[in-house]
Amino acid sequence: MKKKALFVVLGMMLATCLVVVSFASSKMDVKAGDEVYVCNCGEDCACGSRSKDPGNCTCGKPMVKTTVTKVDENGNISVEGQKKTYKSGGE
């Protein structure tokens, strides 16, 4: 009975570790000069969609290709032609 409980606990710990690692690896690794796709819905839009691949933002509108101008110490991404910054976590 104790072995069964131990295996359950170890299995739960392993599952938790896998979830944490998958979320940690989803951070978008970019530097100034990289080309990215960002939400083009305007500065009032809060979706903040960004990706290395073309597609639609979470608002359903097509993202636009732009160039990263700055990545600050918190991982916020500034892009060419927009005052809005984007979090680096995500796609």
Filter pass, CYS45 being modelled with pLDDT under 85 and part of a loop (DSSP other than H, G, I, E, B)
yes
Just give me the residues in segment 64-75 being hydrophobic (A, V, I, L, M, F, W, C) and over 15 Å from the mean Cα position of the chain (by Cα), in sequence order.
VAL64
Residue selected from segment 48-65 under the condition in a strand (DSSP E or B) and in contact (Cβ under 8 Å) with a residue 24 or more places away in the chain, by the criterion surrounded by the fewest Cβ atoms within 10 Å (Cβ to Cβ)
LYS65
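Restricting to segment 66-75, name every residue that is assigned to a loop (DSSP other than H, G, I, E, B) and either among the small types (Gly, Ala, Ser) or surrounded by 13 or more Cβ atoms within 10 Å (Cβ to Cβ) (or both).
GLY75
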Which of (1) of a type outside the set (Asp, Glu); (2) surrounded by 10 or more Cβ atoms within 10 Å (Cβ to Cβ); (3) modelled with pLDDT under 65 does VAL36 not meet, given it meets every other one?
(3)
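The values are calculated or read from the model by the stated rules, or taken from the named source; none is laboratory data. Quick caveat: nothing in here was measured; it's all calculated off a predicted structure. Positions of Cβ are generated from backbone atoms using ideal geometry, with glycine treated the same way; all protein chains shown enter the neighbour counts.
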